[in-house]
Structures are given as C-alpha cells and as structure tokens.
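A short write-up of the structure that comes next.
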2 protein chains.
Amino acid sequence: MSNKTPAYLRIKNAILDNIHAGTWASGTAIPAEITLAEDFGVSRMTVNRAVKELEAERVLERRQGSGTYVAQQKYNNAHIEIRNIAKDINERFNHYRAQVIAQKTLDFEALNQPENHWLNALFFHSQPAHTDKLYQVCIVHYGDDLPIQYEDRWVNAAIIPDFINQDFSSINTSDYLIDHVPLEYGDYQIQAKLAPINVCEALQIQAYEPALLHARHTKSQGQPVTFVNMWHPGSRFSFGGRL
Amino acid sequence: MSNKTPAYLRIKNAILDNIHAGTWASGTAIPAEITLAEDFGVSRMTVNRAVKELEAERVLERRQGSGTYVAQQKYNNAHIEIRNIAKDINERFNHYRAQVIAQKTLDFEALNQPENHWLNALFFHSQPAHTDKLYQVCIVHYGDDLPIQYEDRWVNAAIIPDFINQDFSSINTSDYLIDHVPLEYGDYQIQAKLAPINVCEALQIQAYEPALLHARHTKSQGQPVTFVNMWHPGSRFSFGGRL
DNA sequence: CAGTGGTCTAGACCACCTG
DNA sequence: AGGTGGTCTAGACCACTGG
C-alpha cells in the first residue's frame, strides 16, 4: 500500500498501463502535462520528468506546441537486427547445439551481494524490492561441435515469470523472449576484449585470443527485460551486414 | 546572460570543456550540484538536468551521498550508418588530427604481385586489365593525440581518378568519397583480432591487445569503389547504438 | 488566439555515503 | 554530522503549434 515509489515512476507506470490497456492507442495524444499534474496531484515538473523519460525510451513522442503522442509500434528498421544465434549457426554449419551451463534464480538476497550491484542499476534503479528477482542463464552455442557463442543472460522475472522453466537446450532464448514480450527499445555495444577465464574455457580458446563481445540491454514498455553478454571467439566469429 | 542557448546546455558544454581540457580527469569528482549552481548563477534543478544528461551519455557517473565523477572515457560509435571518423572523434574529444602514413598508386604490375591477389578478387573479378589501377592510403586518426583508428583504404582509380591527389590530413576520405560518387551499396564485417605489428605500433597498443576491425566494401552503380580496413584499439573503442 | 511543451527558479525534505 | 545526490513543489516566462 504505502508507496515509497517516486511519483515520477508511478506516473510512468500509469501512462504505460494506459497504453498497454489500449486506452491510449498508438498515434493518439495523451493528456497535457498540466492535466496529468492535476490528475496525479503533483507538480508539472514531476510529470515532465516522467514523460521525458518515456520519450527517451521511445514510448512517447513530443511536439512542442502540439502535444505528446503515443509512439507507433516500431519494427526492426535495419539497425542491428535482433539476431538469433541458432539460426545464424544453422546457416553456416551443419549442426547446431546448445549447452546450458547454468540456469538459476537471483532472489533479493543474491541481488544485494556487492558483485551483483551492477545488475540492480540496470534493472531496478539500484533499489530492488523484496519481491524482485532475476533469472540468469549461461548457454554455450556450438556449430559443428565448435563453440561459437557464450551467452550470459539476465532476465527480469517479474516480466517473464515462466522464463526459468524453459529448456534452453531446445528453445532459443531470443525466440522465447520475442514470443513473450514486445521488445521495443534497447541499446547495444560491440567490443574487442580478452574474455574471462571461464568464458575462454567454455569457448575453447586461449586466454590471449581476442573475443568479440556483444552486449545488449532491452526494454519493453519502459521496463528493463533482459541484459545479455554474448562472447564470441574472434577467430570463429564476425559480425557482418549490409549498408 | 542573454545567450539564447539554454542554461543546461551551456553547463553541459562547460563541464565537457573541463573534462576535455584535463582539468577534471577521469575518475575524479566534479563540484557538487549546489556548487555548480552558484558558480553558474542558476538553480540546482538546472544543474541537475545538465549532469543527469551527461550521466545518461556515460560521460559522468553519479553516486548518491558521494558525488559525481568523470567516467572512464570510451569511444562509442554506431556502425549502421556510413560514419565519418573525423566527426565522431570531434564529438567525443577536444582535438582531432589525421596523420597520413602512406599514399600511393598500385599499377597493373603491382596488382599482379601475389600479396595483392585478394585485391584483384575484390575489385576486378581477379582479372585486372592493363589500365586498372588502385590507390592506397593509410591514415591514423587521433583523438586528443591518442590513436583511435588506423585506416587502410584502397580505391578504384578508374572511378575517382583524382582521389590520390587529395591531402587527407585535412580532408576526410569518407567525405571526399561521398562528395564524388554516389555510394549505393556496401557490406561490412566487424571482427576481434590481433592487429599486425605495424598497426599495433601506429595505434600505440601492445601486440596482444585485442583490436576491433571494421572492414567495409562499397560499390557504386555496380562497380567496386573502395575497400577499407579500420582498426581500433579494443581498450579505447567500441561500437554502440540503439535498437 | 489559446494550448502545448521547453525551460527555469528558489526553495524543500529525504536517503545515502563518508569521515 | 555534514555533504551529497534524489526527488519534489508551485509558481513563472518563453517558443512553438494549431485552429
């Protein structure tokens, strides 16, 4: 009951609820800042923050002098596609196989361990609630029995509670996520790095062999859904595309 | 002041200037919000906006109760578009400089050397004519005197005969190409690799440090125009973007 | 023109970190 | 305990859009 949740977050969620429920359809204008401020009993600056953040997350679009509109559902416009490693490997190799290394739940207590604080920053504004949970899976993807990708993924349990019960040696994590949530926003980073020891071993590479790290953070309707580190052996993997 | 630029932008730029000038080094704390507010003669909320945006841009890191710190600067680049390294570096660093390492012409005889056969495959269907020529340029791009990119580029002389006469320490190769030929198609590849010795030296990195290689092949009206290898230090460069 | 978002103020209370 | 960022208020003026 007692919400120590910041007002701007309550407003963001309320707006998202309205969008999700279909009350505010894509392309239509939502109430003006001043109206929302009155409705929620807060100052306009607080509403402004909520709306501005949803704009940054591409849930809303604002036009000065005109209004604030619900953004159109966006398809994948030729940016980095959400790649499916299973399909990619099947295109280039004869045989694809996934080996699940770990599959576990991080509860409130685990999230409060210092080594997991960076996850809280990504998922829970650094302040996990007692009910917050993350699922973690580590999967090695093989092409013709050669490791191609080490996938280290965290998933917000509140959004996809059933994620942890899947058999990811037969179901691809990306496929499962795409089927169960509309992924609408994310950022990624691609780096060349030396991989940690355990990753090197899983990928069957030497410690000094460059690895290609593809990290991605994905949100759906303003909520962080998943963060994933995808490590690839530099010698067996490259990232390609067309302009 | 009667400047038309918003106060929060002036403050952002002032902070960036201090970082670029080295006054505020990576990892050190910058003045508190209230201090900056007094210094700039604005309210704390205005400073808050400036600092919060720089945090979102990963220029600063904030810790509640502790302070605001200059983040480890890491170069970031979206690789979807045809990017201009000069512009990118100018956005991120104070000073951009290009050093031309080599600039030469490969004639029919040179193209028939075994070590150049792969170029023939890319440009001339493996069968160069006597009149076929390629230009080659090697350029190191610096941000604040730190090497960010080693550019090794080959250009089809038949399409842009005047390419070789340009001064690429002042003109960007991409700019020149875009201005002189309609680039309509290309493919790229991104790899993690150990760079050749000469590239390591030019980039001022150790031989075992992973490098991020971005290779691109561009065509215009069905004719191969340019092939380029762009090497980046893994420690100072990453590709990033949004979905 | 009236309504909207863009920006800004001068305060305030709180949670958190560090000495 | 004192300083820091996190949040919030109740106003304000401006620039822009639309009818």
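The values are calculated or read from the model by the stated rules, or taken from the named source; none is laboratory data. Being a predicted model, the structure only gives us computed values, none of them experimental. Cβ: placed from backbone, ideal geometry, glycine included. Neighbour counts: every protein chain shown. Quick note on the areas: whole protein, heavy atoms, side chains included, nothing else; ligands and nucleic acids left out. Shrake-Rupley method; radii C 1.70, N 1.55, O 1.52, S 1.80 Å.
Within region A:226-235, is there a residue that is part of a strand (DSSP E or B), of a type in the set (Gly, Ala, Ser) and open to solvent by 20 Å² or more (accessible area, probe 1.4 Å)? Break it down into steps so the answer makes sense when it comes.
Of region A:226-235, the ones part of a strand (DSSP E or B) are A:226-233.
Next, from what is left, pick out any that are of a type in the set (Gly, Ala, Ser): none.
Checked region A:226-235: no residue is part of a strand (DSSP E or B), of a type in the set (Gly, Ala, Ser) and open to solvent by 20 Å² or more (accessible area, probe 1.4 Å).
So which of A:GLN223, A:GLN206, A:GLN166 ends up being among the polar types (S, T, N, Q), within 12 Å of chain B (Cβ to nearest Cβ) and open to solvent by 20 Å² or more (accessible area, probe 1.4 Å)? Reasoning before the result, please.
On the way: A:GLN223 fails: within 12 Å of chain B (Cβ to nearest Cβ); A:GLN166 fails: within 12 Å of chain B (Cβ to nearest Cβ).
None of the others qualify; the one that does is A:GLN206.
When you look at A:ARG44, is it touching an Asp or Glu at 6+ places or on another chain (Cβ under 7 Å), closer than 30 Å to B:GLU61 by Cα, modelled with pLDDT of 80 or more and among the basic types (Lys, Arg), yes or no? Reasoning before the result, please.
On the way: touching an Asp or Glu at 6+ places or on another chain (Cβ under 7 Å): yes; closer than 30 Å to B:GLU61 by Cα: yes; modelled with pLDDT of 80 or more: yes; among the basic types (Lys, Arg): yes.
In short, yes.
For region B:36-46, does any single residue satisfy the condition of being surrounded by 16 or more Cβ atoms within 10 Å (Cβ to Cβ), more than 11 Å from DNA strand D (Cβ to nearest atom) and more than 26 Å from the chain's Cα centre (by Cα)? Give the derivation first.
Quick first cut of region B:36-46, residues surrounded by 16 or more Cβ atoms within 10 Å (Cβ to Cβ) only: B:36-37, B:40, B:42, B:46.
From what is left, the residues that are more than 11 Å from DNA strand D (Cβ to nearest atom) are B:40, B:42.
Then drop every residue that is not more than 26 Å from the chain's Cα centre (by Cα), which leaves B:40, B:42.
Yes: one or more hits.
Can you name the residue in region A:88-138 that is among the β-branched types (Val, Ile, Thr) and closer than 19 Å to A:ILE171 by Cα and, of all such residues, is nearest to the chain's Cα centre (by Cα)?
Step one: list which residues in region A:88-138 are among the β-branched types (Val, Ile, Thr), which gives A:89, A:100-101, A:105, A:131, A:137.
Checking the rest, the ones that are also closer than 19 Å to A:ILE171 by Cα come to A:89, A:100-101, A:105, A:137.
Values: A:ILE89: 22, A:VAL100: 20, A:ILE101: 21, A:THR105: 17, A:VAL137: 14 Å.
By that ranking, first place goes to A:VAL137.
Can you give me the number of residues within region A:47-67 that are within 12 Å of DNA strand D (Cβ to nearest atom) and hydrophobic (A, V, I, L, M, F, W, C)?
Residues meeting the conditions: 2.
Residue check: is B:ALA215 touching a His at 6+ places or on another chain (Cβ under 7 Å) and either in a strand (DSSP E or B) or open to solvent by less than 10 Å² (accessible area, probe 1.4 Å) (or both)? Talk me through it step by step, then tell me what you get.
On the way: touching a His at 6+ places or on another chain (Cβ under 7 Å): no; either in a strand (DSSP E or B) or open to solvent by less than 10 Å² (accessible area, probe 1.4 Å) (or both): yes.
So B:ALA215 fails the test.
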